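Written out below as structure tokens is the structure these notes cover.
The values are calculated or read from the model by the stated rules, or taken from the named source; none is laboratory data. Computed from a prediction, not measured in an experiment: that's the story for all the values here. Every residue, glycine as well, gets a Cβ built from its backbone with ideal geometry; the counts of neighbours run over all protein chains shown. Accessible surface is based on the protein model in full, side chains and every heavy atom, while ligands, DNA and RNA are left aside. Shrake-Rupley method; radii C 1.70, N 1.55, O 1.52, S 1.80 Å.
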Amino acid sequence: MPQIDPELVWLKPGQVAARTGIAVSALHYYESLGLITSRRTAGNRREYRRDTLRLIAFIRTAQRVGVSLADIKKAVDGLPDDGLPTIRDWARISRQWHDDLTARIVELTALRDTFTHCIGCGCLSLKACPYSNPDDVLGLDGVGPRKFP
């Protein structure tokens, strides 16, 4: 099997941004949070390992389904530093997130199915609102919004 030149494994921030569709500033932000890492060249420029592309795809997908950056960070902290995550690593994260994602799906499905009843009420004290005011608890304090100024 031919060896890959170790220098071909490293990408410049602009290359990573172009391949992932995110801004270079987002790369720097993810790095500041410890979600991804880079090395510095002799000229003090960042370079990212090619496997960062897959990690960014994971981060972006998790964000799209509502996983917080803090939870993503916990998951990333459990991944190997010296190579690509294995199927076992991804399966472990999947197991850890399964119940939370299932609960989100249930909540989003319920919201989708009842959303037309909630649009524009603004009072947050309707008995019909199972999201902001179950059992009309806020209605006991009077009329009008209670949770939001």
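Of all residues in segment 101-123, those that are open to solvent by 70 Å² or more (accessible area, probe 1.4 Å) and either at pLDDT 90 or above or not small (Gly, Ala, Ser) (or both) total 10. Give the residues of segment 41-52 that are over 24 Å from Pro85 (Cβ atoms) and open to solvent by 70 Å² or more (accessible area, probe 1.4 Å), sorted by residue number. Selection gives Ala42, Asn44, Arg45.
Out of the residues in segment 70-83 meeting the condition of being among the aliphatic types (A, V, I, L, M) and either under 20 Å from Leu108 (Cβ atoms) or open to solvent by 50 Å² or more (accessible area, probe 1.4 Å) (or both), tell me which one is farthest from the chain's Cα centre (by Cα).
Within segment 70-83, the subset among the aliphatic types (A, V, I, L, M) is 70, 72, 75-76, 79.
Next, only the ones that are either under 20 Å from Leu108 (Cβ atoms) or open to solvent by 50 Å² or more (accessible area, probe 1.4 Å) (or both) stay: 70, 72.
Values: Ala70: 8, Ile72: 6 Å.
Here the residue is Ala70.
Taken as a whole, the condition of being surrounded by 14 or more Cβ atoms within 10 Å (Cβ to Cβ), of a type in the set (Val, Ile, Thr) and in a loop (DSSP other than H, G, I, E, B) applies to Ile36. A Cβ distance below 6 Å, combined with a sequence gap of six or more or placement on separate chains, defines the contacts here; from segment 93-104, residues that are under 14 Å from Phe58 (Cβ atoms) reach residues that are not charged (D, E, K, R) in the pairs Ile93/Ala75.
Looking at Ala42, Ala62, just one residue is out of contact with any helix residue (DSSP H, G or I) (no Cβ under 9 Å at 6 or more places or on another chain) and among the small types (Gly, Ala, Ser), and that residue is Ala42.
Of all the criteria given as (1) part of a loop (DSSP other than H, G, I, E, B); (2) surrounded by fewer than 13 Cβ atoms within 10 Å (Cβ to Cβ), the one not satisfied by Ala91 is (1). Return the total of residues in segment 11-25 being out of contact with any helix residue (DSSP H, G or I) (no Cβ under 8 Å at 6 or more places or on another chain) and aliphatic (A, V, I, L, M). Of the residues in that region, 1 qualify. Every residue in segment 53-68 that is open to solvent by 50 Å² or more (accessible area, probe 1.4 Å) and in contact with a Phe, Trp or Tyr (Cβ under 7 Å, 6 or more places away or on another chain), please. Those that are open to solvent by 50 Å² or more (accessible area, probe 1.4 Å) and in contact with a Phe, Trp or Tyr (Cβ under 7 Å, 6 or more places away or on another chain): none in segment 53-68.
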